[in-house]
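Asker: Mind looking over this structure? Questions follow.
Just so it is clear, none of the values below were taken in a lab; they were calculated from the coordinates. These numbers were taken from a predicted model, which means no experiment stands behind them. Virtual Cβ from ideal backbone geometry, glycine too; neighbours counted across all protein chains shown.
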Amino acid sequence: NAGVMQNPRHLVRRRGQEARLRCSPMKGHSHVYWYRQLPEEGLKFMVYLQKENIIDESGMPKERFSAEFPKEGPSILRIQQVVRGDSAAYFCASSPPSLKGGGDYGYTFGSGTRLTVV
Amino acid sequence: GESVGLHLPTLSVQEGDNSIINCAYSNSASDYFIWYKQESGKGPQFIIDIRSNMDKRQGQRVTVLLNKTVKHLSLQIAATQPGDSAVYFCAEKMDSWGKLQFGAGTQVVVTP
């Protein structure tokens with residue numbers, strides 16, 4: 001039972017290029033959350049998606065950033081025209097449709113993609 | 001050793017001693033809180049959680065305490081081991097779905 005899979009683990013982009021980050025949720029999980037972590041800081045919520053729907057994108061920058069979770073395939077976080085300030089670790093988490101809470105929340109994080117913009 | 005809050009970035013503790021990590025949360029309406037452990041180069045790993053209708057919850061070597069009056073959480077680790085060295089984050093659930101707000105984190109360093 002594989003966990004949340006993110007790829008690539010490390011991504012280097014030059015300023016102005018596009019970055020595509022992928023997240024495959026755990027089997028049976030239909031909810032995906034993206035978080036960004038700057039060095040020595042906590043994770044900051046970006047967006048919450050269900051299959052084919054964006055539920056909450058209140059943490060997403062208004063420009064250059066987009067996210068999708070298609071019916072088939074992984075969730076994609078896309079950053080266009082990257083700038084040095086986009087350098088961070090991007091984490092994806094997934095959860096099942098019914099959040100039980102208590103004990104194991106069922107909310108599982110991937111190992112992240114570390115984006116470096118040069 | 002005891003952390004007085006997440007403004008103190010590092011907690012140094014001797015192996016075998018108990019650790020206490022503190023966290024102040026922001027939303028008095030939050031009903032669910034989680035402590036995560038993050039090792040270098042890895043994603044956050046669930047440690048223990050607590051609902052707002054509880055004051056205390058115990059796991060294996062860890063205890064979480066919740067004080068809703070002052071919006072304060074703490075994580076206690078008993079008999080700290082080298083493998084406990086990591087950054088610890090508290091998180092509060094912000095909505096009905098599962099959006100989490102994380103604290104800034106505390107680096108725990110276990111010394112022999």
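Asker: What is the calculated FRET efficiency for residue A:44 to residue B:58, with r their C-beta to C-beta distance and R₀ = 30 Å, to the nearest 0.05?
Answerer: 0.50
Asker: According to the square roots a ≥ b ≥ c of the eigenvalues of the Cα gyration tensor, what is the shape class of the range B:40-112, taking rounded for a/c under 1.5, prolate for a/b larger than b/c otherwise, and oblate for the remainder?
Answerer: oblate
Asker: Please get the size of the charge dipole for chain B, origin at its Cα centre, with Cβ charges of +1 on Lys and Arg and -1 on Asp and Glu, quoted in debye to the nearest 20.
Answerer: 280
Asker: Work out the charge dipole of the protein assembly as shown with +1 on the Cβ of Lys and Arg and -1 on the Cβ of Asp and Glu about the Cα centre, then indicate which of B:102, B:10, B:29 is farthest towards its positive end.
Answerer: After comparing all options, I get B:102.
Asker: In terms of the Cα gyration tensor, with a ≥ b ≥ c the square roots of its eigenvalues, is chain A rounded because a/c is under 1.5, prolate because a/b exceeds b/c, or oblate?
Answerer: Prolate shape, in that a/c is at least 1.5 and a/b is the bigger ratio.
Asker: Could you grab the relative contact order for the range B:52-112? Cα pairs under 8 Å, six or more apart, rounded to a whole percent.
Answerer: With pairs under 8 Å counted, the relative contact order is 24 percent.
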